[in-house]
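Asks: Let me begin by handing over the structure; questions about it come next.
The values are calculated or read from the model by the stated rules, or taken from the named source; none is laboratory data. Not measured: the values here are computed from a predicted model. Ideal geometry is used to build each Cβ from the backbone, glycine not excepted, and the neighbour counts take in all protein chains shown.
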Amino acid sequence: MTSKYGDLSKIPTSGASYNTGKQYVDGSGKTYKGIKASEKLAGEDQHRMIEYKGKIQSVAEDTDMDPAIIAGIISRESRAGNVLGSDFWDAEHLAFGLMQVDRRHHQICAGAGDSEEHISQGTKILCAIFDDVEKKFPTWTTEQHMKGAIAAYNQGYHKIKNFATVDSHTTFQDYSNDVVARAKYFKRRGY
């Protein structure tokens with residue numbers, strides 16, 4: 001799918017760092033990193049993600065965002081809701097919902113944490129960040145803007161200095177690489 005936000009298949013990724021990959025441990029105790037770790041983590045989330053697929057696709061149509069990118073962010077941020085409390089807040093009560101909208105930077109929408117309203121709010125935040133990254137780096141390709149926007153969803157676009165170090169200030173220095181790898185996994189599964 002090519003849209004205003006580019007073609008997911010053309011966004012380069014190295015996948016999850018070792019620290020992110022530690023969330024997945026197979027039966028032998030082996031841990032993973034890279035694209036394999038991102039895919040294993042997305043695979044664990046896949047059965048929970050099915051519940052939100054219709055909402056994700058509706059928001060994607062409304063915003064022109066690739067639904068697989070939305071799914072990738074939901075997987076990274078909340079493990080499709082699995083790491084959130086029953087009220088959809090994180091443990092510190094700072095970020096809300098499947099897409100973990102931070103109340104310190106955004107007014108939380110009225111919808112429930114797994115609602116289409118919430119997914120729409122998180123996606124529209126990503127779209128606005130994309131516009132900011134596009135203005136800041138006018139010579140980048142559309143796919144570089146998208147990867148920068150994904151990183152900035154976690155860290156803020158002011159911290160991005162160049163494409164080579166886009167994840168240098170993100171959680172575990174792998175946020176956009178991990179999200180893109182998870183998104184590609186979900187794309188292959190119909191998102």
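Asks: So is residue 170 at pLDDT 95 or above, closer than 18 Å to residue 66 by Cβ and of a type in the set (Ser, Thr, Tyr) or not?
Replies: No; evaluated as a whole, the condition is false for this residue.
Asks: If you go through segment 98-121, how many residues are over 20 Å from residue 61 (Cβ atoms) and buried (at least 19 other Cβ atoms within 10 Å of the Cβ)?
Replies: Taking segment 98-121 and keeping what is over 20 Å from residue 61 (Cβ atoms), we get 100-108, 110, 112-113.
Now restrict to residues that are buried (at least 19 other Cβ atoms within 10 Å of the Cβ): 100-101, 113.
Number of matching residues: 3.
Asks: In segment 67-79, is there at least one residue being part of a loop (DSSP other than H, G, I, E, B), surrounded by fewer than 23 Cβ atoms within 10 Å (Cβ to Cβ) and either among the aromatic types (Phe, Trp, Tyr) or modelled with pLDDT of 95 or more (or both)?
Replies: So far as segment 67-79 goes, yes, one or more of its residues are part of a loop (DSSP other than H, G, I, E, B), surrounded by fewer than 23 Cβ atoms within 10 Å (Cβ to Cβ) and either among the aromatic types (Phe, Trp, Tyr) or modelled with pLDDT of 95 or more (or both).
Asks: Output the number of the condition that residue 38 fails; it satisfies all remaining conditions of (1) in contact with an Asp or Glu (Cβ under 6 Å, 6 or more places away or on another chain); (2) assigned to a loop (DSSP other than H, G, I, E, B); (3) among the small types (Gly, Ala, Ser).
Replies: Unmet condition: (2).
Asks: Ok, one more. Run down 64, 45 and say which single residue is loosely packed, with under 14 Cβ neighbours inside 10 Å, of a type in the set (Asp, Glu), in contact with a Ser or Thr (Cβ under 6 Å, 6 or more places away or on another chain) and at pLDDT 95 or above.
Replies: Step by step, each of 64, 45 is checked, and only 64 is loosely packed, with under 14 Cβ neighbours inside 10 Å, of a type in the set (Asp, Glu), in contact with a Ser or Thr (Cβ under 6 Å, 6 or more places away or on another chain) and at pLDDT 95 or above.
Asks: Shifting gears a bit: Kindly check whether there is at least one residue in segment 18-27 that is among the polar types (S, T, N, Q), in contact with a Phe, Trp or Tyr (Cβ under 8 Å, 6 or more places away or on another chain) and crowded, with 16+ Cβ neighbours inside 10 Å. Spell out the reasoning first.
Replies: Residues of segment 18-27 that are among the polar types (S, T, N, Q), as a first pass: 19-20, 23.
Pick out the ones that are also in contact with a Phe, Trp or Tyr (Cβ under 8 Å, 6 or more places away or on another chain) and you get 19-20.
Okay, now just the ones that are also crowded, with 16+ Cβ neighbours inside 10 Å, so 20.
Taking every residue of segment 18-27 in turn, at least one turns out to be among the polar types (S, T, N, Q), in contact with a Phe, Trp or Tyr (Cβ under 8 Å, 6 or more places away or on another chain) and crowded, with 16+ Cβ neighbours inside 10 Å.
Asks: Those residues that are of a type in the set (S, T, N, Q) and not in a loop (DSSP other than H, G, I, E, B), I need them from segment 112-144; list them, please. I'd like the intermediate steps shown before the answer.
Replies: Applying the first criterion (of a type in the set (S, T, N, Q)) to segment 112-144 yields 115, 120-121, 123, 139, 141-142, 144.
Correct list: 120, 121, 123, 142, 144.
Asks: Kindly list, by first and then second residue, each pair from a residue in segment 5-16 that is acidic (Asp, Glu) to a residue that is assigned to a loop (DSSP other than H, G, I, E, B), limited to pairs with Cβ atoms under 8 Å and residues at least 6 apart or on different chains.
Replies: 7/1
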